[in-house]
Amino acid sequence: MRNALVAIGITLALTSGLTAQAPGTGGRGGDGELVPVLTVSGMGEARIAPDVATVRLGVVAQGATARMAQEQVNRAAGAVLESIRKQGIKAEDIQTSGLSLSPLYSQGRNGTQAPKITGYQANNTVTVRIEDLAKVGPVIDAGLGAGANTLDGVEFGLRNDEAARAQALADAAAKARAKAETLAKALGLRLSGILEVAEGGISVSPPPYTRARLAMADMAAETPVSPGQVGVSASVTIRYRIAP
């Protein structure tokens with residue numbers, strides 16, 4: 001499903017002292033005169049269903065020694081990776097994105113004793129790229145069931161956003177033109193051509209990367225995931241020549 005939401009900002013310049021720069025004319029018309037212009041700025045947004053997701057699952061374990069903590073994490077991480085692969089995820093779409101080992105300290109008494117190492121904590125985090133969004137919940141459930149004890153949310157995006165970018169640009173330009181024509185008609189003006197078109201930029205806004213998009217109250221139940229939509233916004237500024 002595609003929707004377009006457009007916000008338009010308008011600047012109107014009609015005095016002979018205000019000019020719009022035409023290519024190669026240094027800010028004047030073809031015969032050197034100052035050119036009155038109508039400037040409209042439009043912003044369009046296309047909202048597209050995502051087609052790829054990124055999930056980050058991790059294992060954290062503690063042990064009396066660094067080796068004990070690391071061995072616990074290694075065993076659990078191996079089981080997590082195997083469970084994810086069994087969901088049909090390709091090896092190239094699974095990547096180790098975090099690996100750490102750090103000491104744990106006791107608190108000194110009344111600040112008179114230095115903290116002492118009481119154990120170690122190890123961490124292993126994997127990032128999983130999922131193109132079949134129906135597998136997002138099962139991948140999470142499989143990872144948690146195999147021993148993962150941290151979940152850093154789900155991020156949704158687009159494998160190819162060129163079509164969405166083009167849609168947002170076209171919509172912004174069309175809305176800006178319609179607004180210019182409406183203003184010209186209301187003010188008794190006549191547009192005689194375009195002096196300049198400038199793209200203001202394009203941005204892609206995925207749904208928020210957050211745990212709140214996951215329902216995990218019951219570990220025995222399947223994890224429902226809502227992908228939402230990805231927003232692609234574009235802005236365009238058009239300068240029109242106003243006929244005498």
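Quick notes
- The magnitude of the dipole of the stretch 138-183, with charges of +1 and -1 set on the Cβ of Lys/Arg and Asp/Glu and taken from the Cα centre, is near 340 debye.
- Amide H contacts of V230 (H built 1.01 Å from N, under 5 Å, at least 5 apart or other chain): I48, A49
- As a length-normalised measure over Cα pairs under 8 Å and 6 or more apart, the relative contact order of the stretch 52-157 settles at 49 percent.
- A cut-off under 13 angstrom between Cβ atoms defines the neighbours of N124, and their net charge, with Lys, Arg +1 and Asp, Glu -1, is 0.
- Between Q62 and R190, the modelled label-to-label distance comes to 8.2 nm, taking each label 7 Å out from Cα in the direction of the beta carbon.
- Lys, Arg +1 and Asp, Glu -1 on Cβ, resulting dipole of the stretch 52-157 about Cα centre, debye, nearest 20: 460
- Highest average first, the peptides 85-93, 56-64, 162-170 ordered by how many other beta carbon atoms sit within 10 Å of their residues are 56-64, 162-170, 85-93.
- Under 9 Å, Cβ to Cβ, from V204 - net charge with Lys/Arg +1 and Asp/Glu -1: 0
All of the numbers you see were taken from the coordinates with simple rules; none came from a lab. None of these values were measured; they are calculated from a predicted model. Positions of Cβ are generated from backbone atoms using ideal geometry, with glycine treated the same way; all protein chains shown enter the neighbour counts.
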